[in-house]
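Reviewing the structure listed below.
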Amino acid sequence: MPSYIDEHFEKDFVAPLADFIRIPNISPGYDPNYFTNGLVEQAIDFTIKWAESLKIKGLSHYVHREPKIPPLVCIVIEGEAPRNVLVYGHLDKQPHLTEGWSKGLGKE
């Protein structure tokens, strides 16, 4: 009998990650329209919908926003363990660089 990870990894994690990567949400240091072009909102919506699609008991979320600071999506899963676990990630990406990488690792 396959484990949960074996059964769900490709469909629930790899495929959604590939879809997420297709959102061209480049870090605000490289995109002057970061706060107005709607790409960070697409990334937020995608992330929340993906988390909700997993149907995890006790899952909730909120988005924290402050002017001129990238938003923070907080996904909480209430559990029964005596401790908390924090997993951190970015909604934005660094752009491909054409210089500074070892041969074969840059955008060529």
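Of the residues examined, I48 is one that is β-branched (V, I, T), touching a residue at least 12 places away in the same chain (Cβ under 8 Å) and in contact with a strand residue (DSSP E or B) (Cβ under 8 Å, 6 or more places away or on another chain).
Every residue in segment 67-95 that is surrounded by 10 or more Cβ atoms within 10 Å (Cβ to Cβ) and under 18 Å from P28 (Cβ atoms), please. Hits for segment 67-95 are I69, P70, P71, L72, V73, H90, L91, D92, K93, Q94, P95.
Pairs are defined by a Cβ separation below 7 Å, a sequence spacing of at least 6 or placement on different chains, a first member in segment 1-23 that is without any contact (Cβ under 8 Å) to a residue 12 or more places away in the chain, and a second member that is hydroxyl-bearing (S, T, Y) and exposed (fewer than 11 other Cβ atoms within 10 Å of the Cβ); no pair meets this definition. Within segment 62-75, the residues that satisfy the criterion of being over 21 Å from I21 (Cα atoms) and not hydroxyl-bearing (S, T, Y) are H64, R65, E66, P67, K68, I69. Condition first: under 13 Å from H90 (Cα atoms) and either in contact with a Phe, Trp or Tyr (Cβ under 9 Å, 6 or more places away or on another chain) or assigned to a loop (DSSP other than H, G, I, E, B) (or both). Can you find one or more residues in segment 7-15 that meet it? No, because not a single residue in segment 7-15 is under 13 Å from H90 (Cα atoms) and either in contact with a Phe, Trp or Tyr (Cβ under 9 Å, 6 or more places away or on another chain) or assigned to a loop (DSSP other than H, G, I, E, B) (or both).
We did not get these values from a lab; they are worked out from the coordinates using the rules stated. No experiment lies behind these values; they were computed from the predicted model shown. Ideal geometry is used to build each Cβ from the backbone, glycine not excepted, and the neighbour counts take in all protein chains shown.
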